[in-house]
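Taking it in order: structure first as structure tokens, then the write-up.
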Amino acid sequence: MSVTTVKKLERYDKVIDCMPDKSMSIRSVLFNAYSIGSATVKNLLLSDDVLSCIDCVRRLGASVELDGTTAHIKGAPFVGGTLDCGNSGTTARLLIGLLSGLNGVFTLIGDESLSSRPMKRVTDPLKAMGARITDTDGHLPVKVVGSPLHGIDYDMPVASAQVKSAILLAGLNAEGKTTVREKTVSRNHTENMLSEMNAKLSVNGAAVSVERSVIYSKDFTVGGDISSATYPLCLALMVKGGRCTVKNVGINKTRTGLLDVFKEIGADFTLSNVKEGAEPTADVTVKQGKLKPFNIGGELIPRLVDEIPALCALACFIDGVSRVSGARELKVKETDRISTTVAALKSLGADIEGTDDGMIIRGGRPLKFGVADSKLDHRIAMSAAIAGAAGDGVKIVDAECASVSYPNFFGEVIGV
Ligand code: S3P
């Protein structure tokens, strides 16, 4: 156990280069490792989750050479083996899908948190495609014995890009057409990248179809992660007179629920230097001012699901009652984020309660100094950090888990 101390910040005025996107970094490594040819990925996130993915694809036979944040990846036919996905749900679930139609026997394991997260959401539809998968009570370790697959038409019961991606990746090696239908479109990086890699993939509203395809290597430059940008941007809104610009933030529409909330609460924010494309980016600038409470739920949730703990920290600094609903998925993230967000912010004196599918925050009362437990969840550590920095300081237990998605978060964002 370690303890990191964050002091109260009297002012906040920062310009930050956005951390590269975690979802896109993992996908660019995994897809290129499996593809035919060689590619260079620039601005790769070198966080623990991405390093876990790199370790897995190396074990599968691909070559990944790192030169700073540039990766040179040479694809290879994957061979069997034991793959440690660490804390990375994206690595585990996407791999299970991709491996199920290949030749070989693969065993996937992960850390304690990942081993308690549900895998049936991917293994059930994959089994319906003919996959031979054995799980451990619906969890890792999962054993995949590659087998011939056939396409399915699948209505997604939960909004999850990981599940959608796993099925589409299996569809690359399935007989016939594989279609995944979502109620609300979750992040679509898999669709964007596979299309650029020669996959026979089509998108029709909230339905995505893929047919058996060979994919070819593709150079990518990873844009910034709006989920990581959330912490400095929210912190600037929480500190009197605060200002922050985060440069090169990914603003793919399936990810920008945060900006919708900024609009709803009346935050002073602007986008500049917009670069259009399948994965557009912009510099985002915010200035602190009077804010209104938020009420978020429904179709917005998949577009900001990872940002909710930070938004709850922000809500503590907004007069009035803010609400999150329809976010039951939070319970199956790296921790049960309804409980861990509530516990972390309560330890700083916040008036917050958990509900069945979200949180209610009565904001506007000053936070006090306290000890918050990250429970080894990177987003809880970073949310507690911004709450403490804008409040009266915080000691965070096991804060270094922030490196799962944001290496040097404390140095760069908080200045510890
Ligand atoms: C991710 C999808 C989301 C998100 C996770 C990354 C991805 O999970 O919470 O951090 O890269 O596809 P779900 O698919 O479980 O919603």
(request) Could you work out how far apart the two model spin labels at Asp392 and Ile36 are, taking each label as a point 7 Å from the Cα in the direction of the beta carbon, and quote it in nm? (result) 6.6 nm
(request) Which order do the peptides 228-235, 288-295, 322-329 take when ranked by the mean count of other beta-carbon atoms within 10 Å per residue, highest first? (result) 228-235, 322-329, 288-295
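In a shell of Cβ-Cβ distance under 12 Å around Val246, excluding Val246 itself, what net charge do Lys and Arg (+1) and Asp and Glu (-1) give?
Numbers: positive: Lys14, Arg243, Lys247; negative: Asp17, Asp225, Asp283, Glu412.
Value of the local net charge: -1.
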(request) Would you mind calculating the relative contact order of segment 285-416 from Cα pairs under 8 angstrom and at least 6 residues apart, reporting the percent as a whole number? (result) 22 percent
(request) Can you tell me the dipole magnitude for the chain around its Cα centre, using point charges on the Cβ only (Lys, Arg +1; Asp, Glu -1), in Debye to the nearest 20? (result) 440 debye
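I need the per residue convex hull volume for segment 246-305, using only the alpha carbons, in cubic angstrom as a whole number.
Once divided by residue count, the hull of segment 246-305 is 78 Å³.
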(request) Mind pulling the angle between the C-alpha long axis of helix 161-171 and the longest principal axis of the chain? Nearest 10 degrees, somewhere in 0 to 90. (result) 10 degrees
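Between beta-carbons, use under 15 Å as the cut-off and find the net charge around Gln288, counting Lys and Arg +1, Asp and Glu -1. List each step's numbers first, then the result.
Details: positive: Arg11, Lys14, Lys240, Arg243, Lys287, Lys290, Lys292; negative: Glu10, Asp13, Asp268, Asp319.
Cβ neighbours under 15 Å give a net charge of +3.
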(request) For segment 1-95, just run the numbers: alpha carbon Rg, then divide by 2.2 N^0.38 Å, N being how many residues it has. (result) 1.32
(request) Could you state the angle between the C-alpha long axis of helix 226-238 and the longest principal axis of the C-alpha atoms of the chain, as a value from 0 to 90 degrees rounded to the nearest 10? (result) 0 degrees
(request) Pairs of Cα atoms under 8 Å, at least six residues apart: use those to get the relative contact order of the chain, whole percent. (result) 17 percent
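Please work out the Kirkwood hydrodynamic radius for the chain, using every pair of different C-alpha atoms, and report it in angstroms with one decimal place.
Values: mean 1/r = 0.0466 Å⁻¹.
Hydrodynamic radius (Kirkwood, Cα only) of the chain equals 21.5 Å.
Rounded to the nearest 5, what % of DSSP beta bridges with both residues in the chain are antiparallel?
70 percent
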(message) Compute the distance from the alpha-carbon center of segment 1-15 to that of segment 69-146, in whole Å.
(response) 38 Å
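A short reminder: the numbers here are calculations on the coordinates, not readings from a lab. Here the structure is a predicted model, which is why all the values come from computation and not from measurement. Because the Cβ atoms are built from the backbone with ideal geometry, glycine has one as well, and the counts that use them run over all protein chains shown.
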